[in-house]
1. Run the dipole for the range 1-78 about the Cα centre, Lys and Arg Cβ at +1, Asp and Glu Cβ at -1, nothing else charged, and hand back the magnitude in debye, nearest 20.
2. If you put +1 on each Lys and Arg Cβ and -1 on each Asp and Glu Cβ, how big is the dipole of the range 478-625 around its Cα centre, in Debye rounded to 20?
3. Applying 1/(1 + (r/R0)^6) with R0 = 22 Å to the Cβ-Cβ distance of ASP720 and ILE408, what FRET efficiency is obtained, to the nearest 0.05?
4. Enter the Cα centre distance for the pair the range 265-320 and the range 383-418, rounded to the nearest angstrom.
5. Compare the Cα positions of ASN223, THR385, SER634 along the charge dipole of the chain (+1 at Cβ of Lys, Arg; -1 at Cβ of Asp, Glu; about the Cα centre) and return the one farthest towards the positive end.
6. For the range 361-455, report the convex hull volume of the alpha-carbon atoms normalised per residue, in Å³, without decimals.
7. Can you pull a Stokes-Einstein diffusion coefficient for the range 196-236 at 37 °C (0.692 mPa s), Rh from Kirkwood over Cα pairs, as a whole number of µm²/s?
8. Percent of Cα-Cα pairs per 10 Å bin, from 0 to the last occupied bin, for the range 86-148, please list those.
Amino acid sequence: MNTAVIGYPRVGKLRELKFATESYFKGDKAQSALLDEAKALRAEHLKVQAESKISLISSNDFSFYDAILDTAVLLNVIPARYQQLGLSELDRYFAMARGYQGDKGDVRALAMKKWFNTNYHYLVPEVEDSTQIKLASSKPFDEYLEAKTLGIQTKPVIIGPFTFFKLANYLGSKKLVDFKADIIKVYQQIIGKLADLGAEFIQIDEPILVTDLDKDDIELFSNIYQALLTATVKKSSKIILQTYFGDIRDCYNEVISLPFDAIGLDFVEGKQTLSLLEKNGFPSDKILFAGVVNGKNIWKNNYQKTLALLNQIKQKAYNVVINSSCSLLHVPYTLQNETKLTIQQRAYFAFAQEKLQEIAELGELVNDKNVENSAAYRANQTLFTREREGANSAVRERIKDLTVQDFIRLPAFSEREAAQKKAFNLPVLPTTTIGSFPQTADVRLNRSKFKRGEINLSQYTEFNHQKIAECIKLQEDIGLDVLVHGEFERNDMVEYFGESLNGFVFTEKAWVQSYGTRCVKPPIVWGDISRSKPMTVDYSVYAQSLTEKPVKGMLTGPVTILNWSFPREDISQKESVFQIALAIGDEVLDLEAAGIRIIQIDEAALKEKLPLRREDWDSEYLDWAIPAFRLVHSKVKEDTQIHTHMCYSEFADIIKDIDAMDADVISFEASRSNLDLIDVLKANHFKTEVGPGVYDIHSPRVPSIAEIKDTIEKLLSKIDKQKLWINPDCGLKTRGEKEVVESLKHMVDATLEVRERLH
Ligand code: GLN
Ligand code: ZN
């Protein structure tokens with residue numbers, strides 16, 4: 001059977017593209033050298049794929065920063081402020097990605113957003129009324145020809161018009177439909193040109209089809225493609241409409257009746273893909289690209305299950321190609337760089353390069369009458385017929401024994417709130433911060449020296465104690481009401497806990513692109529999660545010993561820990577998150593027993609993994625995510641105050657669920673976005689006390705007292721003063737010390753002035 005991959009990682013197996021690009025940014029590398037290195041990387045990636053016997057591999061999946069940004073340039077969706085700079089093509093491209101400040105001008109970057117339900121970010125195109133949509137780059141053609149020169153026939157990949165223009169921001173009065181004619185024209189040119197160059201297949205990505213669409217959307221989508229895909233345009237090329245990250249339940253029938261030659265469907269994340277196929281059939285003259293190998297997770301494919309699935313698919317589709325479920329961009333490059341994993345662990349993992357082999361093997365096994373005797377099949381099945389090491393029966397018992405009571409904190413909120421007001425006796429509008437203080441060079445050096453064994457534990461701890469003492473003193477001098485220890489011992493809010501808990505596995509080089517040159521290295525949830533000893537108590541107790549004011553204990557919540565890791569596939573996410581919740585819950589009780597009276601449990605990434613379709617929100621996510629959070633804090637005393645923090649404020653749609661987390665206080669980002677959410681809080685009688693960030697920590701700018709005062713007054717016009725907390729909008733770790741001190745002083749002074757008025 002034919003095989004394909006949707007796309008391949010581009011940063012290189014050792015993040016070569018990242019380092020080359022960053023040295024270009026610093027001025028240490030010439031543009032021509034960067035272009036050469038990129039070309040060499042593309043060649044290497046093509047070669048690896050071609051050698052793995054994948055029948056159809058992609059070109060134009062390379063990007064210096066992001067494929068949506070590439071498409072914006074391709075279609076001339078380049079805002080005037082970048083055109084006016086008079087930079088080289090590549091520098092203008094980077095200006096759009098990162099902003100530009102130099103002798104040619106001073107412009108901000110395009111906004112960045114999460115790419116569907118992944119941790120990858122794309123740049124949001126800006127369409128102006130004056131935008132002239134036309135062909136403005138030759139990237140897809142050049143990269144197709146570059147591969148052809150290497151003797152590799154590829155399928156060029158382009159982002160489809162519907163996804164691109166649905167994700168764009170329209171700054172003027174014109175909307176998508178106003179550009180329809182130009183959009184069709186330019187895509188006809190692109191497809192026509194690729195066809196002329198000899199592309200047998202052209203892949204058009206339209207992932208937006210897996211999100212909720214209304215009638216008008218579907219009609220527009222159909223119109224565009226009806227007009228676009230005429231025989232004179234595509235000539236002898238075959239057009240693949242590629243979808244991923246879910247199923248296309250809103251428009252399956254429309255899609256299969258459009259003039260595509262092939263359709264790519266996701267059978268991994270697309271919960272309804274198989275039933276759509278079974279119910280509606282599949283046209284016999286089209287090819288089905290079946291996404292059956294998970295492009296988002298690092299576990300080996302279960303061949304038995306996948307072969308059974310392929311057999312079901314073959315009942316309905318005549319011509320099937322085995323495909324990855326999405327681009328392999330979302331998994332690390334190769335297992336070959338990992339030297340510390342055990343043999344057993346390695347056996348279970350497949351990163352991008354290993355997934356190529358899986359797809360190729362499945363392509364052979366699917367037609368093998370004697371599959372059970374095949375060595376590849378048997379080796380694969382040994383992984384799935386026995387339990388993996390890492391099971392913890394005590395943890396499993398605890399989960400089994402959970403009852404409804406374990407998810408309910410008593411007494412109820414209003415009673416607790418009264419008890420806490422009395423116990424803490426805080427002024428109105430209490431001031432606090434989100435947790436971390438600047439991670440200065442000395443802080444990072446202390447951690448890396450300890451990791452390398454250059455200093456011992458007591459030297460390491462000594463340094464952190466000193467930092468904590470300075471941090472407490474600073475907060476007291478500024479006049480904050482609820483203090484934090486500063487998080488100097490933490491590299492990352494998830495990795496820190498992963499390293500202290502049993503059940504996680506860490507890689508050395510398994511980086512995944514997050515945006516541009518930034519990559520992340522998520523931990524892997526390998527086995528059952530448990531905690532062998534307290535993880536944060538010592539530092540919190542030390543910090544509390546230095547002050548009369550309450551110091552918040554600082555934890556990362558279970559949903560965020562799971563969402564920023566590679567999850568298990570052998571047990572449900574619900575079971576996994578409950579295991580983490582029990583471990584973090586034990587930590588909560590230890591903090592409480594050690595005298596910590598306020599505990600913050602961050603759920604920075606809770607909103608992020610909300611399913612793409614509204615009808616799946618509860619059943620596939622909120623029904624376990626919210627209980628997991630409740631489980632963490634349900635056992636604390638009535639006058640222990642539980643805080644949580646989220647890094648965004650776009651949760652208007654799930655406001656009731658946020659309130660149902662039953663925290664006592666929630667802080668969130670509000671300074672940059674308008675204050676719309678505040679109206680939503682009011683309309684929903686939000687019970688949890690709130691700390692909507694009063695200034696933006698993502699910028700080095702120091703806000704003035706007047707400005708913050710103004711924000712507080714605005715908040716007070718909508719929120720009961722008894723419910724309002726004053727804090728920045730996120731942790732301060734990425735900021736410089738000087739601006740942090742000034743900003744916090746202004747925040748406290750502004751609060752004092754408002755309090756004065758309230759008295
Ligand atoms: N407590 C964490 C900090 O202050 C929260 C980080 C976050 O929200 N991303 O850094
Ligand atoms: Zn945050």
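1. On the way: 10 positive and 10 negative charges, 31 e Å.
Magnitude of the dipole: close to 160 debye.
2. Numbers: 15 positive and 25 negative charges, 71 e Å.
That gives the range 478-625 a dipole magnitude of about 340 debye.
3. On the way: r = 25 Å, r/R0 = 1.14.
According to the calculation, E is roughly 0.30.
4. When both Cα centres are located, 35 Å separates them.
5. Farthest towards the positive end: THR385.
6. Values: hull volume 36.3 nm³, N = 95.
In the range 361-455, the Cα convex hull volume per residue is 382 Å³.
7. On the way: Rh = 12.1 Å.
Using the Kirkwood radius from Cα pairs, D works out to 271 µm²/s.
8. Each 10 Å bin holds this share of Cα pairs: 17, 35, 38, 10, 0.
Values in this text are rule-based calculations from the coordinates and carry no lab data. Computed from a predicted model, the values in this text were never measured in an experiment. When we count neighbours, we look across all protein chains shown, and the Cβ atoms used for this are built from the backbone with ideal geometry, even at glycine.
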